[in-house]
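Notes follow the structure.
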Amino acid sequence: MYREKTIKELKEDLKEGKITADDLYGKSLRLAHYFQDDYNSFVTILDDTKVKERETLIGGIPYALKDNFSTTGILTTGSSNILKDYVPVYDATVYKKLKRAGATLVGKTVLDELAMGGTGTTGATGIVKNPWDKERMIGGSSAGSAAAVALGIVPFSIGSDTGDSVRKPAAFGGLVGFKPTYGRISRYGMFAFASSLDHVAMFTKTVEDAAIVTDILKGQDPLDMTTLKDDGKKYSELVTEEPKGKKLFYIKEICDKELYKDSKEVTEVLTKFHELLDKCRQEGFTIEEVSIDKDLLNAIYPTYMCISCAEATSNNANLTGIQFGPRGEGDSIEEIIFDARTKGFSELIKRRFVLGSFILQKENQDKLFLNAQRVRRLLVEKITELFKEYDGMILPASGGIAPKFTDSSEKLSDRYLLLENHLAIGNFGGFPSITIPYGMVEDMPIGLNITGRIKEDDEVLKLAYQVEKLTGYKGIYSKVGDIDV
Ligand code: GLN
């Protein structure tokens, strides 16, 4: 069955002539349309992509792209009203590379507006539902990209991750979500949210598939000065090898069961986490508990908000309705811009821009923006120091299963915040970081995260590949729907 297959398996089917790339595209399109009303993965479904049978790792494989990547001639909204009719005139490097490799673009996916948010509910292009339970969120901001893979519409999809936007929905959707090292993949043509934290990231069903997609996407790009020189490694060939070290740590203050005794859900997540750690230990991993100053950890969220809102305010200053998007009304340029931005952005975005402007005000800059940068550095230094002794950090990607639409955000009390926000460490330091599914709680998938040393993407993939073998949840997807393709 198409839906359950990985990139690697589909590629083998193609090679053996069991199926054609046209067939794969046809199946994917049927699924995309079939599930659209119920789950809303897509802003745009592309019914006439040119299919190419290329002999690359992903030639002929269908995929979905988050709607904040620029695609020439294809509507690209960022799920925001301010870009609701925007059709780009250039290609994002990621899109160009995937096209060149012969992957088939099936659609552009729904996000939280301009990639800000984590629920999949704030975009102007509608709410995305969780394929494992329609009453629940899939998480965001790369919501549609996550849902499309969890439904088996495509075997992989591309998202962006500024704080956790791929690695968190991956956990809620039973997927692998990988964010390589900062600069490993070009961000040219991906709408900037917070440039010092933004990463291209991907959803797949297996760690091996994540290595395959990264092989296609990685490399230096003259159009993105933050890209790294290519390391010349083929992750897809290395990923099955033993990692060079298997010594991991988890942070006591984040996953101490004692702290969460009053929550059944968090307790179950943590019990399963510690059970898996024991299994890993039996298979030769060394996993130790380390302690980090709680004040420093509690600063993750405010630090993330200060930096990301400040950068977002500046990056999105070009959304005026003048160059792109619906033109505002008014008698002066100020009035026109004011009107366009008033109508174009939702409350959440406006709130963040107000925060960002406040943080960047001259009199507040040192106290807020620069202080946040200092705290960011302290955190990154602490983790980097631990990475001298340890090969990676392992933690639950979230303290719970995907929230219900009706859950109030107050559920996230102070204690839960640490479990919910630590993924931003990966963005602060640009560390390669991957989420993989490791169990089910109340019939919903849960995910764990492994973060490793900067530029050692291959080692993180190898570690995740070894742990994936022990979880018993490799390659899962939601079997929902009565459709046979
Ligand atoms: N949920 C985080 C936020 O709201 C992360 C978003 C992201 O990674 N794009 O900003």
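The values are calculated or read from the model by the stated rules, or taken from the named source; none is laboratory data. All figures in this text were calculated on a predicted structure; none of them were measured in a lab. Cβ placement follows ideal geometry from the backbone for every residue including glycine, while neighbour counts extend to all protein chains displayed.
Here is how the numbers come out for the structure above:
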| read-out | value |
| --- | --- |
| Odd one out for residue 383, checked against (1) at pLDDT below 95; (2) in contact with a Ser or Thr (Cβ under 9 Å, 6 or more places away or on another chain) | (1) |
| First in the stretch 7-26 and within 11 Å of residue 60 (Cα to Cα), second anywhere and small (Gly, Ala, Ser) and at pLDDT 95 or above, Cβ under 6 Å, 6 or more apart | 14/60; 21/60 |
| Extreme residue, farthest from the ligand (Cβ to nearest atom), among residues of the stretch 291-321 that are surrounded by 15 or more Cβ atoms within 10 Å (Cβ to Cβ) and over 30 Å from residue 334 (Cα atoms) | 292 |
| Pair list, Cβ under 9 Å, 6 or more apart: the stretch 275-290 residue charged (D, E, K, R), other residue assigned to a loop (DSSP other than H, G, I, E, B) and surrounded by 12 or more Cβ atoms within 10 Å (Cβ to Cβ) | 279/285; 283/246; 288/390; 289/256 |
| Identity of the residue in the stretch 347-357, modelled with pLDDT of 95 or more and surrounded by 14 or more Cβ atoms within 10 Å (Cβ to Cβ), that ends up farthest from residue 111 (Cα to Cα) | 357 |
| Qualifying residues in the stretch 167-184 (those that are within 16 Å of residue 428 (Cβ to Cβ) and within 15 Å of the ligand (Cβ to nearest atom)) - the one surrounded by the fewest Cβ atoms within 10 Å (Cβ to Cβ) | 182 |
| Residue satisfying condition, being more than 13 Å from the ligand (Cβ to nearest atom), surrounded by 14 or more Cβ atoms within 10 Å (Cβ to Cβ) and basic (Lys, Arg), within set 341, 327 | 341 |
| Which listed residue, of 419, 448, 470, 461, is hydrophobic (A, V, I, L, M, F, W, C) and not in a helix (DSSP H, G or I) | 448 |
| Number of positions in the stretch 97-146 that are buried (at least 24 other Cβ atoms within 10 Å of the Cβ), away from the ligand (no atom under 16 Å from the Cβ) and of a type in the set (Gly, Ala, Ser) | 2 |
| Qualifying position, being over 26 Å from the mean Cα position of the chain (by Cα), surrounded by fewer than 18 Cβ atoms within 10 Å (Cβ to Cβ) and closer than 25 Å to residue 432 by Cα, among 389, 381, 335 | 389 |
| Residue selected from the stretch 199-208 under the condition within 13 Å of residue 427 (Cα to Cα) and of a type in the set (A, V, I, L, M), by the criterion farthest from the ligand (Cβ to nearest atom) | 200 |
| Elements of type helices (runs of 4 or more DSSP H) in the stretch 235-313, at least 2 residues being farther than 22 Å from residue 427 by Cα and modelled with pLDDT of 95 or more | 235-238, 264-282 |
| Index of the failed condition, residue 383 passing every other in (1) away from the ligand (no atom under 16 Å from the Cβ); (2) not in a helix (DSSP H, G or I) | (2) |
| Residue list for the stretch 426-442, restricted to those being over 14 Å from the mean Cα position of the chain (by Cα) and part of a helix (DSSP H, G or I) | 428, 429 |
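Conditions tested, residue by residue: (1) within 16 Å of the ligand (Cβ to nearest atom); (2) within 15 Å of residue 170 (Cβ to Cβ); (3) not β-branched (Val, Ile, Thr).
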{"position": "188", "(1), (2), (3)": "no, no, yes"}
{"position": "192", "(1), (2), (3)": "yes, no, yes"}
{"position": "197", "(1), (2), (3)": "yes, no, yes"}
{"position": "210", "(1), (2), (3)": "no, yes, yes"}
{"position": "215", "(1), (2), (3)": "no, no, yes"}
{"position": "228", "(1), (2), (3)": "no, no, yes"}
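Table: residues versus (1) modelled with pLDDT of 95 or more; (2) closer than 30 Å to residue 339 by Cβ; (3) not in a helix (DSSP H, G or I).
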residue: 26; (1), (2), (3): yes, no, no
residue: 31; (1), (2), (3): yes, no, no
residue: 34; (1), (2), (3): yes, no, no
residue: 37; (1), (2), (3): yes, no, no
residue: 47; (1), (2), (3): yes, no, yes
residue: 76; (1), (2), (3): yes, yes, yes
residue: 87; (1), (2), (3): yes, yes, yes
residue: 91; (1), (2), (3): yes, no, yes
